[in-house]
Every structure is written in structure tokens, then in C-alpha cells.
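Chemist: So that we are looking at the same thing, I have put the structure below in C-alpha cells.
Laboratory data are not the source of any read-out in this text; all were calculated from the coordinates shown. This structure is a prediction, so every number in the text was calculated from the model and none was measured. Reconstructed Cβ throughout: ideal geometry from the backbone, glycine too, with neighbour counts over all protein chains shown.
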Amino acid sequence: MTPVLRKWLFETLYKNRYLYRFASTVPFVGQWRVWQRLSLPRLTGHDVLELGCGLGDLLADMIEAGYNCRAVEHSPQMVAAARDTLQHRHSGEKNLVLQGPAQHLPFSATSFDTVVSTFPSEYIYDPETIAEVERVLRPGGRLIVIEGANLLPVGFLQPLLVLLQTLVYGPSAVYGPRQDRNLDEEMARNQRAKHREDKIIHSNRTTSTDTTTEIVPDAWFGQHIPLEQFGLRRRSERVRSRRWEVYIITGEKLQ
Ligand SMILES: C[S@@+](CC[C@H](N)C(=O)[O-])C[C@H]1O[C@@H](n2cnc3c(N)ncnc32)[C@H](O)[C@@H]1O
């Protein structure tokens, strides 16, 4: 698929909640929500801003978990969908979701402990967005980006879905990292690492899925999020289950 066609496809999805729900559920065998929720154990503090909240599912999760949340979403159709999600789940007021671009946040400086962004579009690579994130974060706060996820070609159905995603996102997005690296070797090397505190290996308690979380120094993912330009300290993690892997980048604002 050409970049122009892909852009058109995504813009169409962001205008239609039903298409977006379908496209973020069926081709990902229902795992999208599991991937979004990987941000929950990474939240810090009490005040949380979500960028590009889409349908508002994670926003409702965070509110239900007791966080004081706001969201900024560019698409008016998605704003309406997110507000409806909050209403249906009785989790918060509609006015918690504001329409506007992540590049111009309508909040005063040091308003939030965490800014979260799951499956962001190009806005997350825009220096104006990261400048705004740095401005609204409190010292010691963090930006959490679930940048992307890949199904692994295991079982019967997933190889077909991986093929579909290759057509939509392009082979470099789906296979790029895996062509260059042998993940099993990398895992084994990581497990032999001298400094055990450099990695985390645990079962994710927010889902019933067994996952392994690794810190990936010099990660190939998230490289284009300009964290260092605004003094945010980068940490890159890859979370793997038997069926998928997810790429998470954290940018911490130093005290
Ligand atoms: C791939 S969707 C992800 C939505 C949601 N976070 C999720 O996990 O399903 C990207 C979202 O970012 C929104 N978006 C695009 N550009 C934006 C911008 N400049 N500022 C804020 N939101 C933006 C889109 O409207 C869309 O809802």
C-alpha cells in the first residue's frame, strides 16, 4: 500500500468510530486493548493526560483505576466517541476530553505527572508535541508511549493476519526489526546479562497473559520521538508474549 493510500485509510478510520473499532479489534485478534493497558502499571502520580485517546477505552480504564485524567484528541468524531465511552462506562465527565492537537496543549506548565499516548500517529514525532509534553509534565513525571505492536506468526490464524498487516503497514514496519535480529538469541543474551537490574522479567498482572519485559538499550523503535531534544530521559522496553510483542518508550522529566 502506498503512503498516500495508507494516510487516507487512517484518516478515514479516525472519522468513523465503528470502522476504527473493527480495525483495532479484528485484525489484532482482540489484543489491542491488552496492549493499551500495558501503560497502566507504568503510570506515575495522580494527574494523567492522554494524547490522541481515540475511542476513550484506556481513558475510562485510567479513570476507573482512580487517576485524575484529561485527554486531548484531534478528530472531532473521536472526541464524540470518547465522550460517549465515558458516559456509557459512568467513568467521567464528557468535558475531560478536549478537541485539539497535541502540539498545542491547553494546560498550564507542570500540570501532569504522566502523559500517555498509545498507538500514536505522526504527532508523536513532532518536536512541537514533545516540547508541549515537557512543558506540562511535572519534574519526575513521564511520557509513556505505546508506539506499536506486532502479532507474531504463530498458530494458524496469526500468519494470515501478519500478512494482512504487512500489506497495510509495509514489510519494514512488520518485519523490519526481526529481519535484523534474532530475537531468541537476543533474549538469551539478555537473560545472561550480568546486571540483572538492567532488565525486568515479570508476569504482567494487568492481564492474564504471561509476558516478558526487557529493557532494550539503543532500541530501533521509538528513535524518532525527539525526547533528548527536550531533556527527557529515554527508556525503551519490549514486552513479549507467546503471540505478540509491543514496543514501549518512556521519557522521564528529570527532577
Ligand atoms: C491510531 S489512533 C490511536 C487511538 C488510541 N490511542 C488507541 O490506542 O486506540 C491515533 C489517534 O490520534 C489522533 N490524532 C491524530 N493526530 C493528532 C494530533 N495532532 N493531536 C491529537 N490527536 C491526534 C487520531 O484522531 C486518532 O484518534
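Chemist: How large is ³J(HN,Hα) for each residue in region 35-44, as worked out from phi by the Karplus curve 6.51 cos²θ - 1.76 cosθ + 1.60 (θ = phi - 60°), to whole Hz, x for Gly and Pro?
Modeler: Karplus-based 3J(HN,Hα) across region 35-44 equals 5, 4, 6, 5, 6, 4, x, 9, 5, 10 Hz.
Chemist: With a 10 Å Cβ neighbour count serving as the proxy for reagent exposure, in which order, fewest first, do 118, 2, 12, 166 appear?
Modeler: 2, 12, 166, 118
Chemist: Right, next: Near residue 109, within a Cβ-to-Cβ distance under 12 Å, what is the net charge of the other residues, with Lys and Arg +1 and Asp and Glu -1?
Modeler: +1
Chemist: Computed over the Cα atoms of region 32-124, what is the ratio Rg over Rh, Rh following Kirkwood?
Modeler: 0.92
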